[in-house]
Amino acid sequence: MPPVSPASRSSAVITWLVVFVLLWVVSTVFAIYYYVDGTKTNEKLEQVSKQYSEVLPASQLGSEDIASLKNKKTDEASGYNGSMSLFDVLKKERDDLATVVGAPQPETAQKTATDTLATAAAQAKNANVPSLPSNMGDAIKSLTTALLARQNEVNSLNAQLKQAQETATQAAAQMQKNQEELTKGMAAARADAQTASSTLESDRAAKDEQVKKMIADNEAAQKQAQEQLAQAQSSISDLSKKVEADQRVIDQLRGKLGGKRANTADSVVRQADGAVVRVPGNNTVYINLGSGDQISPGLTFSVYDRVEGVPALGESGTDENLPKGKGSIEVVRVGAGSSECRIINQQPGQVIHEGDLVANLVYDRNTKYQFFVYGDFDLDNNGVTVPQDAEVIKRLVTQWGGKVTDKINADTDFVVLGKEPTILTPSKEEPGDPIIQAKAQASQAAYDAYQEVKRQAVDYHIPILNQNRFLYYVGYYESAKR
């Protein structure tokens, strides 16, 4: 390779320098141009971005709502097409909603919906429909439910109305039928009335004659009745006099009967039934009554001193001078000629000896005495009288050989009376209490019945024994307390 000269070398450097400067100038011009163009482009981009952000933020461009709007553009059946912008889709939805709501202008759709909902709520309230929700969808559902309920009510009322109409129709038909029958009956009655009117005149004369005859017969019968009444009054007067005379005779006979009745104080009450024949001790005694004397285990006797004997009856309606004797015994074993007895009561300071007398007012080996038992008794001496205790006394009488009668008559030997009833007197604080008044009346009736029994016993001169005197005379006083 030949050597390069300095001049050639300088020329090449200058050429390259010129080319470099030209390239730099051109690049600088292009840079300035692109810078200015980029600045304008950025300004336009900022302006467009600002405009889009007023409509839709860039962050929501990929949201599901935007995707849904894009999908709606393909629904040509609903009036959309693929060339429509998303804004046009929104406008169409607004217009369609305004049409559904019934707004005259799309811009007034919300106000129209709010006003319609308020009007519907007010009307629903007047129709007794519960308050409507604040949104139209739920409000429409509530109104639909209420409408269905009202429709059901209307259907039910229509059915009831139809049934009522049918019933009314049947009733009207029946009424018409009844009216026709009534008309026929009235026509028949008018015919019968005319017939009766024609025969009335002929019957009236005959009836007048019958009435005159009846009046005459009545006057005759009345006169005869007055005569019979006068005779009856005369007979009644005579009978009254006879009754009074008979009553005086009865009273005299009762007096004689009382005077001739066996003196119970001597012949019955004071008559001993047996005697103590042996006293072996250990609360055991033997009496001279056996199986042939009609006694049985359980029979009780009062024991009296052999010298003093059985005490007299005394004031039989009181507890004064009770015939307590030495004590009382009870038959426990019956033998052929004697019976073993146990001492069930022994008076303080008294000792039972051989020869002491035993007696039971009810028992008699030869006679059945008749007893009339009446009233409430207190056998256990607890202060409370009960009617059941009267049955106990009746049972003892029949068990020991006596006879219980259901009324007082001339054959009654003894009357055993319970405690005299007390008359209940209402206090000042309870004068109008019906329960207290009823109790007071019942107590008065019981007192009157008790006094009537006493009066009858006195009239027949029958000895009266109260509970304690009776129990002492039969030797049962201590057993009753137990």
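Does any residue of the stretch 320-335 turn out to be loosely packed, with under 13 Cβ neighbours inside 10 Å, in the same structural domain as residue 293 (by TED's automatic domain parsing) and free of Cβ contacts under 8 Å to residues at least 24 places away in the same chain?
Checked the stretch 320-335: at least one residue is loosely packed, with under 13 Cβ neighbours inside 10 Å, in the same structural domain as residue 293 (by TED's automatic domain parsing) and free of Cβ contacts under 8 Å to residues at least 24 places away in the same chain.
So residue 403 ticks every box in (1) under 44 Å from the mean Cα position of the chain (by Cα); (2) within 30 Å of residue 294 (Cα to Cα) but one. Which box is left unticked?
Of (1) under 44 Å from the mean Cα position of the chain (by Cα); (2) within 30 Å of residue 294 (Cα to Cα), only one is false for residue 403: (1).
Where residues in the stretch 446-475 are without any contact (Cβ under 8 Å) to a residue 40 or more places away in the chain and farther than 19 Å from residue 377 by Cβ, which of them is farthest from the chain's Cα centre (by Cα)?
Once the filter is applied, the top-ranked residue is 458.
Working carefully through the options 377, 371, find the one that is crowded, with 20+ Cβ neighbours inside 10 Å and either of a type in the set (Lys, Arg) or under 23 Å from residue 443 (Cβ atoms) (or both).
377
When the stretch 444-467 is examined, which residues are found to be more than 19 Å from residue 410 (Cβ to Cβ) and surrounded by 19 or more Cβ atoms within 10 Å (Cβ to Cβ)?
Hits for the stretch 444-467 are 466, 467.
For the stretch 62-73, which positions are surrounded by 10 or more Cβ atoms within 10 Å (Cβ to Cβ), in a loop (DSSP other than H, G, I, E, B) and either modelled with pLDDT under 75 or not polar (S, T, N, Q) (or both)?
Answer for the stretch 62-73, where residues must be surrounded by 10 or more Cβ atoms within 10 Å (Cβ to Cβ), in a loop (DSSP other than H, G, I, E, B) and either modelled with pLDDT under 75 or not polar (S, T, N, Q) (or both): just 73.
Is it fair to say residue 331 is touching a Phe, Trp or Tyr at 6+ places or on another chain (Cβ under 9 Å), within 21 Å of residue 393 (Cα to Cα), aliphatic (A, V, I, L, M) and part of a strand (DSSP E or B)?
yes
Go through the stretch 346-366 and give me each residue that's aliphatic (A, V, I, L, M) and crowded, with 18+ Cβ neighbours inside 10 Å.
352, 357, 358, 359, 361, 362 - these are the residues of the stretch 346-366 that are aliphatic (A, V, I, L, M) and crowded, with 18+ Cβ neighbours inside 10 Å.
Mind counting the residues in the stretch 402-427 that are of a type in the set (Gly, Ala, Ser) and surrounded by 19 or more Cβ atoms within 10 Å (Cβ to Cβ)?
Number of matching residues: 2.
Restricting attention to the stretch 272-319, and to residues there that are in contact (Cβ under 8 Å) with a residue 24 or more places away in the chain and of a type in the set (Asp, Glu), which single residue is nearest to residue 399 (Cα to Cα)?
Across the stretch 272-319, the extreme among qualifying residues is 293.
May I ask you to say which residue of 200, 161, 147 is surrounded by 10 or more Cβ atoms within 10 Å (Cβ to Cβ) and within 30 Å of residue 113 (Cβ to Cβ)? Don't jump to the end; show me each part of the working.
Details: 200 fails: within 30 Å of residue 113 (Cβ to Cβ); 161 fails: within 30 Å of residue 113 (Cβ to Cβ).
Of 200, 161, 147, the one residue that is surrounded by 10 or more Cβ atoms within 10 Å (Cβ to Cβ) and within 30 Å of residue 113 (Cβ to Cβ) is 147.
Exactly one condition in (1) farther than 18 Å from residue 401 by Cα; (2) of a type outside the set (Gly, Ala, Ser); (3) surrounded by 22 or more Cβ atoms within 10 Å (Cβ to Cβ) is not met by residue 300; state its number.
Answer for residue 300: the failing condition is (1).
Among the residues that make up the stretch 392-399, is at least one of them more than 46 Å from the chain's Cα centre (by Cα), without any contact (Cβ under 8 Å) to a residue 60 or more places away in the chain and surrounded by 17 or more Cβ atoms within 10 Å (Cβ to Cβ)?
Looking through the stretch 392-399, at least one residue is more than 46 Å from the chain's Cα centre (by Cα), without any contact (Cβ under 8 Å) to a residue 60 or more places away in the chain and surrounded by 17 or more Cβ atoms within 10 Å (Cβ to Cβ).
The values are calculated or read from the model by the stated rules, or taken from the named source; none is laboratory data. Note that the coordinates shown come from a computational prediction; the quantities given were computed from them, not determined experimentally. Cβ atoms come from the backbone with ideal geometry, glycine included; neighbour counts cover every protein chain shown.
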